[in-house]
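As structure tokens, the structure follows; a few thoughts come after it.
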Amino acid sequence: MKAQMQLHPIRLKLKEPFRISRGEYQYREAVIIELKKGEISGYGEASEHSYYGVDISSIIQKAEKLTSKIEDTDWETPEDLWLSLKEILSRDHFLLAAIDEAAHDLYGKLKQLPSYKLWGLNPAKLPKSSYTISIDELDKMVDKIKAHSFDVYKIKLGTSQDLEIISTLRQHTDATFRVDANCAWDVPTTLYYAEKFKQLGVEFIEQPLPADDWEGMKAVFKKASLPVMADESCVNIEDVESCAACFHGINIKLMKCGGLTPALKMIKKARQLELKVMCGCMVESSVGISAAAQLLPLLDFADMDGPLFLANDPASGVKILEDGQIILPQKDGLGIECWSDAESTHTTGHA
């Protein structure tokens, strides 16, 4: 089939500033990709990310240049479309992910089945999502814990008081903690914190060292008291095998790897290497999260709280309950319903 394409730029506004070890932000520029066949639309999402050198203007410019190719491509499955764009967008995974998500959403809606059912997955048992506590003044981090009742919290670290943060937060909840240093530590710091955090009910540490410090991660992998999960070190399927010697698991993000099509392959490869698998998110709306949620039956861990931080979620789809339970949409494709086309959009192609 062939599909028309529209671009919908949007500024995703956060309810409050979000801070990690690399910086703080209050919004993210994003774009919703719409693929349309007749009256049926599929949606995907990409947002800006300075760490990966991605800005929305470049995504939009690239998408505009590819409009004719995308609209002229005759594809039977989302993977067909992904493969036709793989080389052209080899350095533009965020855009490739948005197109791939939209293709899966459209394909499922046309087939009148949710994507996870098209893949033969059973949603009977799904991991709960963690809720992220970003870096802030310690009393404010405590207030965030008190304001929620999640079973799992992901604590952002990379400060001069990381141990004090976990020790203090532990006094206010029995929930499972996972910590994410976003590349902020070195080997001795990681080994020290791993030993201390294990006693404080931390389940694992995510990306403690810089993404390219493979030798350092080998030392951490062998000696740390807690499991370690790769995030920035695991971008695409080529990285999975490297991670097997340095991490206990990987965190897949659709924008990093280029969409659902490669994510499914990464999960299969990770299982062959006996790695644990988590699917995480960046600042994303219900569009991107509803795409990632289709993978839940295949995951050990989930970090899909993105829409909970937004003041202007432009779509509906997956629901996240107060304890972290994720409710998949009982709708076809990715289960996404977006805003009316009457709202502000940027249109390409013939739609």
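Values in this text are rule-based calculations from the coordinates and carry no lab data. Every value quoted in this text rests on a predicted model; they were computed, and no experiment measured them. Cβ placement follows ideal geometry from the backbone for every residue including glycine, while neighbour counts extend to all protein chains displayed.
Can you bin the range 1-154 into rounded, prolate or oblate? Criterion: square roots of the alpha carbon gyration tensor eigenvalues sorted a ≥ b ≥ c, rounded for a/c under 1.5, prolate for a/b above b/c, oblate for the rest. In terms of gyration-tensor shape, oblate. Highest GNM mean-square fluctuation among GLY259, GLY335, GLY23, for the chain modelled with Cα contacts below 10 Å: GLY23. The GNM of the chain, with springs linking C-alpha atoms under 10 angstrom apart, assigns the highest mean-square fluctuation among VAL54, VAL31, VAL240 to VAL54.
When the Gaussian network model of the chain links Cα atoms closer than 10 Å, the mean-square fluctuations of ALA194, ALA263, ALA211 top out at ALA211. Distance between the modelled labels on LYS265 and ASN122, one decimal in nanometres: 2.8 nm (7 Å Cα→Cβ projection). Looking at TYR43, LEU163, GLY53, which one has the Cα that reaches farthest to the positive end of the dipole of the range 8-163 (charges on Cβ: Lys, Arg +1; Asp, Glu -1)? Working it through, the farthest residue towards the positive pole turns out to be LEU163. Would you please classify the overall shape of the range 118-327 from the alpha carbon gyration tensor, given that a ≥ b ≥ c denote the square roots of the eigenvalues, rounded means a/c under 1.5, and beyond that prolate means a/b larger than b/c while oblate covers the rest? Taking the square roots of the gyration eigenvalues as a ≥ b ≥ c, the range 118-327 is oblate.
Over all other residues within a Cβ to Cβ distance under 11 Å of GLN294, the charged ones net out to -1, with Lys and Arg as +1 and Asp and Glu as -1. For ALA311 and THR159, the difference between the fully extended length at 0.36 nm per residue and the C-alpha to C-alpha distance is 52.0 nm.
Across the range 228-245, computed HN-Hα scalar couplings (Karplus, 6.51 cos²θ - 1.76 cosθ + 1.60, θ = phi - 60°) run 10, 10, 8, 10, 4, 7, 10, 8, 9, 5, 5, 7, 4, 5, 4, 5, 4, 8 Hz from first to last residue, x flagging Gly and Pro. With the Cα gyration tensor of the chain giving a ≥ b ≥ c as the square roots of its eigenvalues, does the rule (a/c under 1.5 for rounded; else a/b larger than b/c for prolate; else oblate) give rounded, prolate or oblate? Here the chain falls in the prolate category. Neighbour counting of Cβ atoms within 10 Å sorts the residues GLU39, GLU34, fewest neighbours leading, into GLU39, GLU34.
As a proxy for reagent exposure, HIS49, HIS104 were ordered by neighbouring Cβ count within 10 angstrom, fewest first; the result is HIS49, HIS104. Only the Cβ atoms of Lys and Arg (+1) and of Asp and Glu (-1) were treated as charged; on that basis the dipole of the chain about its Cα centre amounts to roughly 620 debye. Pairs from the list LYS117/LYS276; LYS13/LYS276; LYS36/LYS256; LYS69/LYS269 with a Cα-Cα gap above 29 Å: LYS13/LYS276; LYS69/LYS269.
For the chain, averaging the sequence separation of C-alpha pairs within contact (under 8 Å, six or more residues apart) and dividing by the residue count gives a relative contact order of 22 percent.
With R₀ fixed at 22 Å, the C-beta to C-beta distance from SER90 to TRP214 puts the FRET efficiency at about 0.50.
Given a Förster distance of 35 angstrom, what is the FRET efficiency for LEU321 paired with LYS65, based on the Cβ-Cβ distance and rounded to 0.05?
According to the calculation, E is roughly 0.25.
Scanning the chain for long hydrophobic helices, with DSSP H runs required to stretch 20 angstrom or more by C-alpha along their axis and to average at least -1.0 on the Kyte-Doolittle scale, returns 56-72, 93-111. Separation of the range 27-64 and the range 9-25, taken as the distance between their Cα centroids, equals 17 angstrom. Placing +1 on the Cβ of every Lys and Arg and -1 on the Cβ of every Asp and Glu, with nothing else charged, gives the range 4-113 a dipole about its Cα centre of roughly 420 debye.
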